[in-house]
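Novice: To start, I am sharing the structure in question, which I have written as structure tokens.
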Amino acid sequence: MRLFRADILSAQPAKLYRAWMAEFRTPFFRSYLVNDPALVKQVLNVRPDDFPKSDRIGAGLRPLLGNSVFLTNGAEWKRQRRIIDPAFEGGRLRDTFPGILGAAQAGVVRMGQRADGTPQEIEAITSHIAADVIFRTLFSIPIEDKIAQEVFHAFRAYQRTQPILNLAAFVRGPAWMPRFFRSETRKTARTIRKLIAQLTQDRLALIAAGQAPDDLATKILTTKDPETGQTFTLEEMVDQVAIFFLAGHETSASALAWALYLLALHPEWQNKLAEEASQFTGAFSDLSQLKHTRDVFRETLRLYPPVPMMVRETVQPEVFRGRPVKTGAQVVLSPWHLHRHTRLWDNPDAFDPARWDTQNGKTCARDAYMPFSAGPRMCSGAGFALIEGVVLLALVVKNFELSCVAERDPVPLAHLTVRAKDGIWLRIKARTP
Ligand code: HEM
């Protein structure tokens with residue numbers, strides 16, 4: 001049990017950043033950390049159906065997420081993606097832009113109240129902004145809304161009781177393991193699901209009355225599976241909203257916080273971004289001008305991928321790099337290691353947003369970069385998250401100057417996402433033009 005609570009990111013042996021594959025033996029089964037781009041491609045892109053998500057990894061999330069698209073496999077998962085994906089297609093993304101921009105502007109106002117140059121914990125600030133983005137784009141409500149506030153606080157409590165990404169990712173426990181939830185976790189999950197059910201029910205009523213706003217919730221609730229003609233039931237929608245909230249806000253909050261930390265460490269890039277952002281008027285069409293901002297966000301996702309590792313399972317005997325692998329083995333795909341692989345990347349540990357214009361950067365972007373996973377099971381919100389990240393970053397650096405706090409270097413830690421052990425502390429000051 002002690003192992004399950006240990007952190008997986010600190011003290012990673014240096015050789016894992018050089019290895020193409022590493023095998024871990026546990027009392028119950030074998031686990032393979034896969035860093036070979038060709039093998040990663042086999043698992044995620046070429047034969048994804050042969051490497052489903054492991055049930056036991058999802059176990060910690062099931063009280064909250066039920067049968068959400070994040071946890072299902074096979075035909076059930078495919079059906080869910082057929083209904084969800086149209087909401088995130090290119091044209092629809094443009095419709096989410098006003099919600100993202102509104103949350104960014106509200107975040108700037110809140111940050112302004114803390115811009116007195118004293119140390120501030122940035123992750124709490126970015127979590128608030130990212131949660132606001134999700135409520136505005138999904139349900140057209142700001143985070144100040146009463147139910148939104150309750151959901152936001154309940155999610156925080158859930159995370160505190162249930163750190164998910166610990167050694168469990170490597171060590172598949174015995175069959176009784178999933179039943180080992182703390183009762184507090186189950187209670188918080190029930191509270192969150194009740195609140196989400198209320199939001200969803202209200203929305204179904206508005207749809208029936210022809211008065212629903214045109215946001216992500218309406219889009220998903222009214223999309224029929226092209227194969228069966230069925231829409232999601234209320235219960236199914238609650239599962240999906242829970243994952244949108246969780247996958248959508250935790251990850252973006254983590255990415256934005258690390259991006260701001262990296263910019264505080266590298267004032268030359270911060271100034272470059274501030275200059276670029278000074279031209280950003282808040283129009284969707286301006287986004288393509290924010291090239292440096294996009295490069296910094298991509299570089300942040302490389303160095304601090306919010307989802308550091310993903311786990312799949314073998315369902316038949318396999319051969320990995322000439323080695324036989326048994327059925328039921330865990331396959332760990334690790335953006336954390338792949339993104340800093342010393343045999344693939346030039347200067348892997350350096351913050352260098354200009355690398356994306358180099359030949360090595362372009363090759364690695366294709367073969368060794370997967371902050372959103374890859375293949376058919378790739379993050380549904382990837383396009384959305386990239387727009388969100390760039391807009392939030394641009395607006396923050398346009399308005400504020402960020403600097404580091406001496407002796408408070410953040411130490412990365414894997415919770416639900418990559419967070420810092422004691423938070424990320426920065427000083428915020430209003431930027432003078
Ligand atoms: C920087 C932000 C984000 C990052 C780095 C990220 C990363 C990921 C990754 C790595 C996965 C695959 C996990 C696995 O296979 O085990 C995933 C799945 C998913 N993400 Fe994201 N995500 C982000 C933002 C979002 C947003 C904004 C949404 C929705 C609004 C979203 C919704 C989802 C969903 C629904 C899945 C499950 C897809 C499936 O299994 O078919 N994510 N995300």
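The values are calculated or read from the model by the stated rules, or taken from the named source; none is laboratory data. The model shown is predicted, which means the values in this text are computed figures rather than measured ones. Cβ atoms come from the backbone with ideal geometry, glycine included; neighbour counts cover every protein chain shown. What goes into the accessible areas is simple: the full protein's heavy atoms, side chains included, and nothing from ligands, DNA or RNA. Shrake-Rupley method; radii C 1.70, N 1.55, O 1.52, S 1.80 Å.
Novice: Calculate the FRET efficiency for T118 and D50 from the Cβ-Cβ distance with a Förster distance of 56 Å, rounded to the nearest 0.05.
Specialist: Working: r = 54 Å, r/R0 = 0.96.
Rounded to the nearest 0.05, the efficiency is 0.55.
Novice: So which DSSP H runs in the chain come out at 20 Å plus along the axis (Cα) with average Kyte-Doolittle of at least -0.5?
Specialist: Working: long enough: 90-112 (33 Å, 0.23); 122-139 (25 Å, 1.12); 146-161 (23 Å, -0.56); 183-208 (37 Å, -0.29); 234-265 (46 Å, 1.06); 382-399 (26 Å, 1.83).
In the chain, the long hydrophobic H runs are 90-112, 122-139, 183-208, 234-265, 382-399.
Novice: A further question follows. Under 8 Å for C-alpha pairs, at least 6 residues apart: give me the relative contact order for the stretch 249-307, rounded to a whole percent. Before the final figure, lay out each step's value.
Specialist: Working: 31 pairs, mean separation 30.9, N = 59.
Computed value for the stretch 249-307: 52 percent relative contact order.
Novice: Hey, which aspartates and glutamates would be in cross-link range of K421, C-alpha to C-alpha under 15 Å, not counting anything within fewer than 8 residues on its own chain?
Specialist: Qualifying aspartates and glutamates at Cα under 15 Å: D7, E121, E123, E407, D409.
Novice: Right, another one. Rank-order 226-237, 146-157, 370-381 by packing density, defined as the average count of other C-beta atoms within 10 Å over each peptide's residues, highest first.
Specialist: Values: 226-237: 13.2, 146-157: 17.5, 370-381: 19.2.
Packing order, densest peptide first, comes out as 370-381, 146-157, 226-237.
Novice: From the phi angles alone, apply the Karplus equation (6.51, -1.76, 1.60; θ = phi - 60°) to the stretch 342-349 and give each ³J(HN,Hα) in whole Hz, x where the residue is Gly or Pro.
Specialist: 6, 8, 10, 9, 6, 6, x, 8
Novice: Can you list residues whose amide H is under 5 Å from E313's amide H, if they're 5+ apart or on another chain and H is modeled 1.01 Å from N?
Specialist: S54, V331
Novice: Express in nm, to one decimal, how much length is gained between A205 and R321 on full extension, taking 0.36 nm for each residue of separation and deducting their alpha carbon distance.
Specialist: Numbers: separation 116, 0.36 × 116 = 41.76 nm, distance 5.47 nm.
Here the segment from A205 to R321 would lengthen by 36.3 nm.
Novice: Please compute the volume of the convex hull spanned by the alpha-carbon atoms of the stretch 72-157 and report it per residue in Å³. All intermediate terms of the calculation are to be shown ahead of the outcome.
Specialist: On the way: hull volume 11.6 nm³, N = 86.
With only Cα atoms used, the stretch 72-157 gives 135 Å³ per residue.
Novice: Taking Cα pairs under 8 Å and at least six residues apart, what relative contact order does the chain come out at, in percent? List each step's numbers first, then the result.
Specialist: Working: 651 pairs, mean separation 119.2, N = 433.
Reported relative contact order: 28 percent.
Novice: So how far, in whole Å, is the C-alpha centre of the stretch 31-46 from the one of the stretch 249-281?
Specialist: One Cα centre to the other: 32 Å.
Novice: Starting from one equal scatterer on each C-alpha and no solvent at all, send me the Debye-based log10 I(q)/I(0) for the chain at q = 0.06, 0.07, 0.08 Å⁻¹, two decimals.
Specialist: Log-scaled intensity ratios, in q order: -0.24, -0.33, -0.44.
Novice: Next question. By DSSP, what percent of the beta bridges with both residues in the chain are antiparallel, rounded to the nearest 5? Kindly include the intermediate steps, with their values, before the conclusion.
Specialist: Working: 25 of 29 bridges.
Bridges in the chain are about 85 percent antiparallel.
Novice: Could you sort out which of K187/K224; K78/K362; K146/K398; K146/K187; K291/K362; K187/K219 sit more than 22 Å apart by Cα distance in this structure?
Specialist: Numbers: K187/K224 33 Å; K78/K362 31 Å; K146/K398 30 Å; K146/K187 20 Å; K291/K362 15 Å; K187/K219 30 Å.
Checking Cα-Cα distances, K187/K224; K78/K362; K146/K398; K187/K219 exceed 22 Å.
Novice: Next question. With a probe of 1.4 Å, find how much accessible area the stretch 219-358 has per residue, and write the answer as a whole number in Å².
Specialist: For the stretch 219-358, the per-residue accessible area is 38 Å².
Novice: Just for the Cα atoms in the stretch 345-433, what are the lengths along the principal axes, largest first, rounded to whole Å?
Specialist: 41, 33, 30
Novice: Further, regarding this structure: Taking +1 at the Cβ of each Lys and Arg and -1 at the Cβ of each Asp and Glu, which of S373, F320, W345 sits farthest along the dipole of the chain towards its positive end, judged by Cα position relative to the Cα centre?
Specialist: Checking the options against the dipole of the chain, the answer is F320.
Novice: Which whole-number percent is the relative contact order of the stretch 302-433 (Cα, under 8 Å, 6+ apart)?
Specialist: Reported relative contact order: 22 percent.
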